[in-house]
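*Asks:* Starting off with a structure, shown below.
The values are calculated or read from the model by the stated rules, or taken from the named source; none is laboratory data. Owing to the predicted nature of the structure, the values given are computational and were not obtained by experimental measurement. Positions of Cβ are backbone-derived with ideal geometry, glycine not excepted, and every protein chain shown enters the neighbour counts. Ligands, DNA and RNA are stripped out before the accessible areas are found, and what is left, the full protein with its side chains, is counted by its heavy atoms. Shrake-Rupley method; radii C 1.70, N 1.55, O 1.52, S 1.80 Å.
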Amino acid sequence: MQYEKLIEKAIAAKKLAYTPYSGFKVGAALLAESGEVFIGCNIENAAYSPTNCAERTAFFTAVANGVMKFSAVAIVGGMGDDLGKNCFPCGVCRQVMMEFCTPNFKIIIAQSPTNYTIYTLLDLLPNGFGSTNLSYNKQH
Ligand code: THU
């Protein structure tokens, strides 16, 4: 899939964000190696800490549908309808990407379908901690 189309899906997902507390809306569109796309939006909560970011909503939806191999994610975010600033994934979401993605996984930070920058997971999470760090992984 073209990145432009993936960004369009992220922009559509952003409109679904549930953000009564911050008003900051994020949309993510996660491209699986199979070609399937899983969208996510941020979902806030009155108790604040249960809030889920858009990126994790997309990843967890994919995994819950049996998909665990990914090639790219497009991310857009801003207050209300704004799209004019880059929205980078938070540290927790980068760590979730570390669980399921290779260092070359593409993270597309977009302001519009034609205005975007492509990073890799290695760019945004160098020296990340992952399953290969655990001896547990070798035994099971
Ligand atoms: N948020 C995301 O959904 N993704 C990010 O990468 C950064 C932050 C959400 C969480 C919260 O609902 C709002 O943005 C403000 O932090």
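*Asks:* For residues that are within 10 Å of the ligand (Cβ to nearest atom) and of a type in the set (A, V, I, L, M, F, W, C), tally how many sit in segment 1-26.
*Replies:* Number of matching residues: 3.
*Asks:* Test residue 10 against the stated conditions and say whether it is under 25 Å from residue 130 (Cα atoms), touching a helix residue (DSSP H, G or I) at 6+ places or on another chain (Cβ under 9 Å) and surrounded by 24 or more Cβ atoms within 10 Å (Cβ to Cβ). If you could, list the steps in order and put the result at the bottom.
*Replies:* On the way: under 25 Å from residue 130 (Cα atoms): no; touching a helix residue (DSSP H, G or I) at 6+ places or on another chain (Cβ under 9 Å): yes; surrounded by 24 or more Cβ atoms within 10 Å (Cβ to Cβ): yes.
Taking the combined requirement at face value, the residue does not satisfy it.
*Asks:* Pick out the one residue from 26, 73, 96 that is open to solvent by less than 70 Å² (accessible area, probe 1.4 Å), assigned to a strand (DSSP E or B) and touching a helix residue (DSSP H, G or I) at 6+ places or on another chain (Cβ under 6 Å). Can you show your working first?
*Replies:* Details: 73 fails: touching a helix residue (DSSP H, G or I) at 6+ places or on another chain (Cβ under 6 Å); 96 fails: assigned to a strand (DSSP E or B).
Result of the check over 26, 73, 96: 26.
*Asks:* Continuing with the same structure: Looking at (1) of a type in the set (Ser, Thr, Tyr); (2) under 9 Å from the mean Cα position of the chain (by Cα); (3) surrounded by fewer than 20 Cβ atoms within 10 Å (Cβ to Cβ), which is the only condition residue 34 fails?
*Replies:* Going through the list (1) of a type in the set (Ser, Thr, Tyr); (2) under 9 Å from the mean Cα position of the chain (by Cα); (3) surrounded by fewer than 20 Cβ atoms within 10 Å (Cβ to Cβ), residue 34 breaks only (2).
*Asks:* Cβ contacts < 7 Å: first residue within 16 Å of residue 99 (Cα to Cα) and among the polar types (S, T, N, Q), restricted to segment 47-62; second residue open to solvent by less than 40 Å² (accessible area, probe 1.4 Å) and away from the ligand (no atom under 11 Å from the Cβ), any location; separation 6+ or different chain. Result?
*Replies:* Close Cβ pairs (under 7 Å, with a partner that is open to solvent by less than 40 Å² (accessible area, probe 1.4 Å) and away from the ligand (no atom under 11 Å from the Cβ)) amount to 61/38.
*Asks:* Name the residues in segment 1-54 that are out of contact with any Asp or Glu (no Cβ under 7 Å at 6 or more places or on another chain), closer than 22 Å to residue 82 by Cα and among the β-branched types (Val, Ile, Thr), would you?
*Replies:* The answer is 7, 11, 26, 39, 43.
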